[in-house]
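Notes to accompany the following structure.
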Amino acid sequence: MAKGTIFERYGGFATAGKIVMAFYDRILDSDVTGPYFDDVEMPRLIDHQTKFVATVMGGPASYSDEMLEQLHRRLDVTGSAFDEMARLFRDTLEEFAMAREDIEALMKEINSRRDVIVSAN
Ligand code: HEM
C-alpha cells in the first residue's frame, strides 16, 4: 500500500491546482453541470473545485458531510448532475494519468457523498 494521502502522493497543491483547472473547464462545458454554476463568480467556482478536490483527495480544507449537505441543500442537485460531475472528475483524473487504483479510491470517496449532495430528482 502506498504511503500518505493521494493528495500528498500526487504533489499536493501544485497538482491539485492543475486538476482543478482541467475539471473546471469540463464542468462549465457540460450542459448538465454548467447551469448550476451560472450565477457563481469564477473565483468562487475555482474555490469550490479546489475544496472538492482537496476533500476527496484527503488534503487540507476537507469538508464534513454535514457541511456539504448544508451547502448543497438549496441547490437542488439532481442524481444525474451528480453522476455527470463524477464522470467528468474521472475523465480528468485519467487525463492526469493517475494510477487506476487511486482513481477508484477517489471515485469511492465521491460516490459515498451522493446522498449528502443530491436533493432533487
Ligand atoms: C462529492 C461531491 C461534491 C463535493 C465534495 C462538493 C464540494 C463543495 C464545497 C466544499 C462547496 C462550498 C464552497 C464554498 O462556498 O466554500 C460546494 C458548493 C457548491 N457546490 Fe458542490 N460539491 C460536490 C458536488 C456538487 C455537485 C454534483 C454540484 C452540481 C452539479 C455542486 C454544485 C455546487 C454549487 C453550485 C455550490 C455553490 C458555489 C457558490 O455559490 O459559491 N456540487 N460544493
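Just so it is clear, none of the values below were taken in a lab; they were calculated from the coordinates. Given the structure is predicted, the values throughout are model-derived calculations rather than measurements. We place every Cβ from the backbone using ideal geometry, glycine too, and count neighbours over all the protein chains shown.
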How do Thr78, Thr33 rank when sorted from fewest to most other Cβ atoms within 10 Å of their own Cβ?
-> Thr78, Thr33
Residue separation times 0.36 nm, minus the C-alpha to C-alpha distance between Lys3 and Glu101: what's the value?
-> 33.9 nm
A correct Karplus calculation of ³J(HN,Hα) over segment 69-79, with 6.51 cos²θ - 1.76 cosθ + 1.60, θ = phi - 60°, whole Hz and x for Gly and Pro, returns 5, 4, 6, 9, 3, 6, 8, 6, 6, 8, x
Per 5 Å bin from zero, what fraction in whole % of the C-alpha pairs of the chain is there, up to the bin with the longest pair?
-> 2, 11, 22, 27, 22, 12, 4, 1, 0
Between the modelled labels at Glu66 and Asp25 (7 Å from Cα along Cα→Cβ) the distance in nm is 3.9
Dipole magnitude of segment 1-49 about its Cα centre (Cβ charges: Lys, Arg +1; Asp, Glu -1), debye to nearest 20 = 480
Residue by residue through segment 26-37, the couplings from Karplus 6.51 cos²θ - 1.76 cosθ + 1.60 with θ = phi - 60°, in Hz, x for Gly and Pro, are 5, 5, 6, 5, 6, 5, 7, 8, x, x, 5, 10
